[in-house]
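First the structure, in the form of structure tokens, and then the observations on it.
The values are calculated or read from the model by the stated rules, or taken from the named source; none is laboratory data. Every value quoted in this text rests on a predicted model; they were computed, and no experiment measured them. No Cβ is skipped: glycine too gets one built from the backbone with ideal geometry, and neighbour counts run over all protein chains shown.
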Amino acid sequence: MKLSVLDWLLWVVKAVVSALLFVFMGIGGILVTRSAWTSANWLLELQAAWAQQQPLVIIVGLVVVVLWLLLIRHFYEAVLLNRLIEAVSDLAPRVRDTESEGLPEKRWGRRLRPLVTNVNGVFDAAQAAMAEEREIERSKDEMITNVSHDLRTPLTSILGYLGLIINDEDEKLARKDLVKYANTAFSKAGQMKSLVEDLFDYTQVHQVDFKLRWAPLDLAAMLQQLAVNYELEAKNKHVVVSAVTNPDTIEMVGDPDRLARVFMNLINNALKYGDGATFVRLTAKTNKSENYVEVRVQNNGEKIPADSIKRLFDRFYRVESSRNTKTGGTGLGLAIVNGAVEAHGGTVRVESDDDLTSFIVQLPLQPELGNEA
């Protein structure tokens, strides 16, 4: 660390003054060891001590020099510490600047370097916290905008169609038109209901104090039942839904409702966005030695673009180029999946190529129950 001229001047003054003090202390120590003075002049007595007690004089001199060197080193470190305090004070306004760097560690000496390292650690943590806070605020604003958009669009349609029905005082509208308008309003109301439910589930799984309702369950039976439940809907889309598990019974501990919602969202996602798919296949296999089960929800539909895979689990993200609702999706389904799986201590990832798109969920069979209701 480069010191200012004033810092050097103060250090030199302290060094000179302390040197004089130590010299007189050393002389005093030597003279005290003399049992009897031969002269009233202390300089002559000091010469006599050098002649008669030369080893003692050398030892005292060495001790004085060592103590003085330690003291001036302390003075130097005190100057560095003052400069460090000033540098730390200058860091405070730069916390909000994520491009700003901390203090250079090599300039502060060996003894102060660990302190500088800790200061930089706190500075980096503060910067990360500020960046996270800004991201949370931006994310909240984005979420409010998206929710407003997705609620306003169907609400506008509902009001429009209901307005046509209510304003038909002369009863000029044909019955089929009335039914059409009512069905459209009903469909849009369903979209709003779906968004509100997804939004509620999303906020639940992302709460800090979110609790799971742990219970023993048979994952294999759950997947088989879900495949049966979606059989009719899939048939209408010319898709076959099946479930294959190994072993036939997979006993684990988890939140049955949340896990069912996870796999329902993945099946819905495959049916809605798996363009050209002829099957949706659920497979599960256990690895008891490593205490986890791996579930794959696969379809042979259109490949997901590589640049979209990284953002699939972001809330309100859709692979579609615009925020339309032609598929009936809210953009929250996969975000809910990710939150619920992470709450179980598991992971979820996506693999997609020209042949298969696979959502791969890994869950612990016997999780550590630290998130218990």
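Of all residues in the range 96-106, those satisfying the criterion of being surrounded by fewer than 16 Cβ atoms within 10 Å (Cβ to Cβ) and touching a helix residue (DSSP H, G or I) at 6+ places or on another chain (Cβ under 9 Å) are Arg96, Asp97, Thr98, Ser100, Glu101, Pro104, Glu105, Lys106. Among the residues of the range 137-182, just one is acidic (Asp, Glu), out of contact with any helix residue (DSSP H, G or I) (no Cβ under 9 Å at 6 or more places or on another chain) and surrounded by 12 or more Cβ atoms within 10 Å (Cβ to Cβ), namely Glu142. Residues that are assigned to a loop (DSSP other than H, G, I, E, B), at pLDDT below 85 and either surrounded by 13 or more Cβ atoms within 10 Å (Cβ to Cβ) or among the polar types (S, T, N, Q) (or both) within the range 324-355 comprise Asn324, Thr325, Thr327, Gly329, Thr330, Gly331, Leu332, listed in sequence order.
Taking the numbered list (1) without any contact (Cβ under 8 Å) to a residue 60 or more places away in the chain; (2) within 22 Å of Lys272 (Cβ to Cβ); (3) in a helix (DSSP H, G or I) in turn, Leu195 passes all entries but (1). Scanning the range 308-323 for residues that are more than 20 Å from the chain's Cα centre (by Cα) and modelled with pLDDT of 70 or more turns up just one, Ser308.
In the set (1) closer than 30 Å to Gln191 by Cα; (2) acidic (Asp, Glu); (3) free of Cβ contacts under 8 Å to residues at least 60 places away in the same chain, Asp97 fails one condition alone, (1). Please enumerate the residues belonging to the range 243-276 that are of a type in the set (Asp, Glu) and either surrounded by fewer than 19 Cβ atoms within 10 Å (Cβ to Cβ) or modelled with pLDDT under 90 (or both). Scanning the range 243-276 gives Asp248, Glu251, Asp257, Asp275. Taken as a whole, the structure leaves Ala125 outside the set of residues that are at pLDDT below 80, among the hydrophobic types (A, V, I, L, M, F, W, C) and assigned by TED's automatic domain parsing to the domain that holds Val17. Is it true that Leu103 is in the same structural domain as Val13 (by TED's automatic domain parsing), within 47 Å of the chain's Cα centre (by Cα), within 23 Å of Asp7 (Cα to Cα) and not in a helix (DSSP H, G or I)? Considered against the rule, which asks whether it is in the same structural domain as Val13 (by TED's automatic domain parsing), within 47 Å of the chain's Cα centre (by Cα), within 23 Å of Asp7 (Cα to Cα) and not in a helix (DSSP H, G or I), Leu103 comes out as yes. Residue check: is Asn236 under 30 Å from Gln204 (Cβ atoms) and polar (S, T, N, Q)? In short, no. Filtered by the rule that a residue be loosely packed, with under 15 Cβ neighbours inside 10 Å, touching a strand residue (DSSP E or B) at 6+ places or on another chain (Cβ under 9 Å) and either touching a residue at least 24 places away in the same chain (Cβ under 8 Å) or part of a loop (DSSP other than H, G, I, E, B) (or both), the range 230-241 gives Glu233, Val240. Within the range 131-151, not a single residue is in contact (Cβ under 8 Å) with a residue 60 or more places away in the chain, within 30 Å of Val5 (Cβ to Cβ) and either of a type in the set (D, E, K, R) or in contact with a Pro (Cβ under 6 Å, 6 or more places away or on another chain) (or both).
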